[in-house]
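What follows is a set of notes on a single structure, which appears directly below.
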Amino acid sequence: AQSVSQHNHHVILSEAASLELGCNYSYGGTVNLFWYVQYPGQHLQLLLKYLSGDPLVKGIKGFEAEFIKSKFSFNLRKPSVQWSDTAEYFCAVKARGSASKIIFGSGTRLSIRP
Amino acid sequence: DGGITQSPKYLFRKEGQNVTLSCEQNLNHDAMYWYRQDPGQGLRLIYYSQIVNDFQKGDIAEGYSVSREKKESFPLTVTSAQKNPTAFYLCASGDVNNSPLHFGNGTRLTVT
């Protein structure tokens, strides 16, 4: 069974700082990977996804993530954060070819100091 | 507008009562999901369904039941067997082609 680990529970940064949120998954086969964001008071929405091909994927609002198969990782990055990036971020994994089971990590709360 | 509707937004029940949370989608998605969101634990999968009349247990199915009689609807029943039912419940849907999940706005259930 697949699982997802997000080791950073709460990250606090100042505006313009660079961001990297860790995501590691455990599953021996091929996977699809996702990052979702939940802004305060809003529902979850997709930031970016990796299905196949180029392991560096770009999403909305300047976010990107790199799939490193050898490390079972899919870390989320942004070169310069803004106050509006304050939100909770969730990594998710789906085992390709299996039933449509999508597993989420425990989330990382990002707080940006203005 | 296409989307997922969860109702009600807030629900209060007494301990020992079963309660059913509604989830309806008009996105023509085959797959539907129920997650439970608790602080510090992220989203945990309760049940999911790929097609009508079929569903599978997720990681925390004990104390919950579902049905999928129609493509558009995937109600979740929280039974009295669920030991810690107070939580925020999220319904989602997606198609089988790895498109992103669409989430509802959630139902906050409080059991006292």
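The values are calculated or read from the model by the stated rules, or taken from the named source; none is laboratory data. Computed from a predicted model, the values in this text were never measured in an experiment. FYI the Cβ positions are ideal-geometry reconstructions off the backbone, even for glycines, and counts take in every protein chain you see.
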Only one of (1) surrounded by fewer than 18 Cβ atoms within 10 Å (Cβ to Cβ); (2) polar (S, T, N, Q); (3) within 14 Å of chain A (Cβ to nearest Cβ); (4) in contact (Cβ under 8 Å) with a residue 60 or more places away in the chain does not apply to B:N18, and that is (3)
Quick count over the range A:75-96, residues being outside any loop (DSSP other than H, G, I, E, B) and within 21 Å of B:G58 (Cβ to Cβ), is 7
Residues of the range A:103-114 being part of a strand (DSSP E or B) and in contact with a Phe, Trp or Tyr (Cβ under 7 Å, 6 or more places away or on another chain), in sequence order, are A:F104, A:T108, A:L110, A:I112
Might you check whether a residue that is part of a loop (DSSP other than H, G, I, E, B), over 23 Å from A:A1 (Cα atoms), within 14 Å of chain A (Cβ to nearest Cβ) and touching a Gly at 6+ places or on another chain (Cβ under 6 Å) occurs anywhere in the range B:76-83? no
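Conditions (1) touching a residue at least 40 places away in the same chain (Cβ under 8 Å); (2) crowded, with 22+ Cβ neighbours inside 10 Å; (3) of a type outside the set (G, A, S), marked per residue:
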position: B:L27; (1), (2), (3): yes, no, yes
position: B:R44; (1), (2), (3): no, no, yes
position: B:I51; (1), (2), (3): no, no, yes
position: B:L76; (1), (2), (3): yes, yes, yes
position: B:Y89; (1), (2), (3): yes, yes, yes
position: B:D95; (1), (2), (3): yes, no, yes
For A:Y27, the lone unmet condition from (1) crowded, with 17+ Cβ neighbours inside 10 Å; (2) under 12 Å from the mean Cα position of the chain (by Cα); (3) away from chain B (no Cβ under 11 Å) is (2)
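Quick one: in the range B:96-112, of everything that is β-branched (V, I, T) and either part of a strand (DSSP E or B) or within 13 Å of another protein chain (Cβ to nearest Cβ) (or both), which residue is nearest to A:W35 (Cα to Cα)?
Kept after step one, since they are β-branched (V, I, T), are these residues of the range B:96-112: B:96, B:107, B:110-112.
Then keep just the ones that are either part of a strand (DSSP E or B) or within 13 Å of another protein chain (Cβ to nearest Cβ) (or both); that gives B:96, B:107, B:110-111.
Numbers: B:V96: 18, B:T107: 22, B:T110: 29, B:V111: 31 Å.
Checked the range B:96-112; the qualifying residue nearest to A:W35 (Cα to Cα) is B:V96.
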Flagged in the range B:32-42 as surrounded by fewer than 23 Cβ atoms within 10 Å (Cβ to Cβ), within 9 Å of another protein chain (Cβ to nearest Cβ) and not in a loop (DSSP other than H, G, I, E, B), in numbering order, are B:Q37, B:G42
Any chance A:H10 is within 16 Å of A:T108 (Cα to Cα) and loosely packed, with under 13 Cβ neighbours inside 10 Å: yes
Restricted to the range B:84-95 and to residues being farther than 12 Å from B:L21 by Cβ and part of a loop (DSSP other than H, G, I, E, B), the residue nearest to the other protein chains (Cβ to nearest Cβ) is B:D95
Filtering the range A:57-74 for residues that are among the hydrophobic types (A, V, I, L, M, F, W, C), farther than 11 Å from A:L21 by Cα and part of a strand (DSSP E or B) leaves a count of 3
Do the conditions hold for A:Y39, that is, is it buried (at least 17 other Cβ atoms within 10 Å of the Cβ), within 14 Å of another protein chain (Cβ to nearest Cβ) and at pLDDT 90 or above? no
Q. Has the range A:75-83 got at least one residue that is within 14 Å of chain B (Cβ to nearest Cβ) and either of a type in the set (F, W, Y) or buried (at least 21 other Cβ atoms within 10 Å of the Cβ) (or both)?
A. no
Scanning the range B:43-73 for residues that are within 11 Å of chain A (Cβ to nearest Cβ), over 14 Å from B:L90 (Cα atoms) and in contact with a strand residue (DSSP E or B) (Cβ under 7 Å, 6 or more places away or on another chain) gives B:S49, B:Q50, B:F55, B:Q56, B:K57, B:D59
